[in-house]
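As structure tokens, the structure follows; a few thoughts come after it.
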Amino acid sequence: MVDIFLRTLPFFAIIGLGYWAGRSRFFSEEATAYLTKFVFYFALSAMLFRFAATLPFAEIFNGRLVVGYLIGTAGVYLLATLVAYLRGLDIPTAAVEAQCSAIGNVGFLGLPMLAMLFTEAAIGPVMLVLTVDLVVFSSLIVILINGGRDGKLTANTLRLIGLGLVKNPMIVSISAGLAWSALRLPVPPPLFDFLTILGGAATPGALFAIGASLASKSAERVQIAAWLSFCKLAVHPALVAVVLLWLMPIDAFPAAVAIAAAALPVAGNVYMLAAHYGVAPHRASAAILLSTVASILTVPLVIAWVGVP
């Protein structure tokens, strides 16, 4: 446990450095926004494309992992939705809370950290987890918020979902990389070096951006944030573990990576969606802040439990 904690500590230290930079105003909110945009559209996309394009497609795709992770994530999503319903919340607000309980920071935090801890063999399972989160659950929250307001699913909502997927650089880079791999096209050395250099900025840039963005997050609605953080950091990995280890078991290594990915703190894009639609942004903000702080201890615990090679 101590060894895992020490190995994850540098990642959270960079997040802490970013938090200091944002909190002290050394990094303004505008600077943080541009750094996030650079990582999201360029550095992280280069990293994802390189990994997807250079790994055999057969080694990346694992249908049982996709289904198992989807079932486990849907389980915590439904639990959070049920609790929100019992508290009398409307559908859009319940959707934001459910999103906080189920969607972790796989892209900015999970991809670099798990690749280092589990070796680059973890990239395939992490990309599958990320794809499920982006395609299924990021679409689901748009459906629930718009459907809850309009009382029905409209063509405009479907258009928004389609545009969101097409414009998401992580989806585009993974899809393009997998297509490249499926066609068995070689990656020319200059292109490989370009992607390696640009992708190398993803890890420090993403971690720093996480910390800097946390500086603007509030700690309001602490009780609700604590409940949602508990769902994300404990219930989510527990349900994914039950499915992937016992109900429909898969190989130990991809199962361990998926469980570790499920243990990550609430993703920043949940706040972005909540703020965009004007639905419970403060509770999403508090859940991100609280779960990220708590994950300094909980993530090493989960990773130590599942084991690393």
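Please arrange Thr54, Thr93, Thr32 by counting, for each residue, the other beta carbons lying within 10 Å of its beta carbon, fewest first.
Ascending Cβ contact count within 10 Å gives the list Thr54, Thr93, Thr32.
Work out how much length Ala179 to Ala226 would gain on full extension: take 0.36 nm times their residue separation and subtract the Cα-Cα distance, in nm to one decimal.
Once the chain is fully extended between Ala179 and Ala226, it gains 12.8 nm.
Could you tell me whether the chain comes out rounded, prolate or oblate from its Cα gyration tensor? Rule is a ≥ b ≥ c as square roots of the eigenvalues, rounded for a/c under 1.5, then prolate if a/b exceeds b/c, otherwise oblate.
It is rounded, given that a/c, with a ≥ b ≥ c, falls under 1.5.
Name the long-range amide H neighbours of Gly104: under 5 Å, sequence gap of 5 or more, or other chain; modelled H, no Pro or chain starts.
Amide H neighbours of Gly104: Ala267.
Between Phe194 and Ala13, what FRET efficiency comes out of the Förster formula 1/(1 + (r/R0)^6) with R0 = 45 Å and r the beta carbon distance, rounded to 0.05?
0.95
So which aspartates and glutamates pass the test for Lys217, namely a Cα distance under 19 Å, with those fewer than 8 places away in the same chain ruled out?
Straight-distance partners of Lys217: Glu29, Glu30, Glu97.
Quick one: Cα centre-to-centre distance for the stretch 260-301 and the stretch 195-231, in angstrom?
So the separation of the two Cα centres works out to 7 Å.
Every read-out reported here was derived from the displayed coordinates using simple, explicitly stated rules and does not represent laboratory data. As the structure is a prediction and not an experimental result, all values here were calculated from the model. Neighbour counts run over all protein chains shown; Cβ positions are idealised from the backbone, glycine included.
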